[in-house]
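The values are calculated or read from the model by the stated rules, or taken from the named source; none is laboratory data. Just so you know, these numbers come straight off a predicted model, no measurement behind them. Quick reminder, even Gly has a Cβ in these numbers, built from the backbone with ideal geometry, and neighbours come from all protein chains shown.
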Amino acid sequence: MHPEPVTESEIQAYLDGELDLRRRLEVESHLAANPDAAHVFMEDLRLRTSLRLLDADLEDVPPDMRAAAARLSARMSEGPVRSFRNLWGGRMMQGLAAAALLMIVVLPGRDVQARPPAYVGDAVAAYRTGLLRATMASQIEAPVFDAGEIQRNTHIRVPRLPDKWVITDAQIFPSNEGPALQLMVRTPNAQRLSIFAVRADSNAPDEPTAVRHEGASVAYWSEGDMSYAVTGGEAPAAVDTVAEDLVDDDDAV
């Protein structure tokens, strides 16, 4: 008795892990005997793995963006599919559309990485702590700042801040990379920003890259063995502009 022909829906069920062992073997035998079908199958499997890696790397994809990607995928998969190659091609296009939407909207700008360096999380925590300290009478802010003393004791080089910026708090902040410097500043247009500097090698780019991370906007970059981040509540583009201005004036204090 000949085995039943393998259908397109069964190949999909195989990918989804929904077949029993006997039918899985028959699908595998079918693919082993059909190189073209096996090639399309492996391309789709590779795409699925790539999308899972992308999903794992994007920590802060907004729920509405995920929903938009799902809607786009659903629209692209509508309509009858009549051939094996069209079926898999359609699914591949569906997945690529979702991935492209996530990459374009969630990862805007140049040299943006799917996962920011680890110290960016410390920078956001320091920013939130600084905002909290500013609201508490029992937590006295320390606006007096000696860049020379900081560098002698921590080897942290501080970017030169614009003359009209006001330092409202300066703290040594513990981080996974060691002691870090955090400056809370107020700009002439009333922006409240946190400047975070830590002596640590990282995979941060040489020029600032801005992202949304854990509900805050962060522009991060590196300079030699120093890693920096500017964090604020403005849009990422605004924080990125501030960071670029700091980098342009690259003489350290």
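Hey, can you tell me all the residues within segment 32-42 that are in contact (Cβ under 8 Å) with a residue 12 or more places away in the chain and out of contact with any Lys or Arg (no Cβ under 9 Å at 6 or more places or on another chain)?
Correct list: PHE41 only.
Hey, can you tell me all the residues within segment 200-253 that are assigned to a helix (DSSP H, G or I) and either of a type outside the set (Val, Ile, Thr) or buried (at least 20 other Cβ atoms within 10 Å of the Cβ) (or both)?
If the condition is that a residue be assigned to a helix (DSSP H, G or I) and either of a type outside the set (Val, Ile, Thr) or buried (at least 20 other Cβ atoms within 10 Å of the Cβ) (or both), then PRO236, ALA237, ALA238, VAL239, ASP240, VAL242, ALA243, GLU244, ASP245, LEU246, ASP248 are the ones that fit.
Criterion first (modelled with pLDDT under 85 and among the aromatic types (Phe, Trp, Tyr)) does PHE173 satisfy it?
Judged against the criteria, PHE173 is not a match.
Evaluate the following for ARG128: is it assigned to a helix (DSSP H, G or I), closer than 22 Å to SER227 by Cβ and in contact (Cβ under 8 Å) with a residue 24 or more places away in the chain? Spell out the reasoning first.
Values: assigned to a helix (DSSP H, G or I): yes; closer than 22 Å to SER227 by Cβ: yes; in contact (Cβ under 8 Å) with a residue 24 or more places away in the chain: yes.
Criteria met by ARG128.
Tell me, which residue of segment 159-199 that is outside any strand (DSSP E or B) and touching a residue at least 40 places away in the same chain (Cβ under 8 Å) is nearest to LEU131 (Cα to Cα)?
GLN191
Of the conditions (1) touching a strand residue (DSSP E or B) at 6+ places or on another chain (Cβ under 8 Å); (2) exposed (fewer than 15 other Cβ atoms within 10 Å of the Cβ), MET184 clears all except one; give me its number.
Of (1) touching a strand residue (DSSP E or B) at 6+ places or on another chain (Cβ under 8 Å); (2) exposed (fewer than 15 other Cβ atoms within 10 Å of the Cβ), only one is false for MET184: (2).
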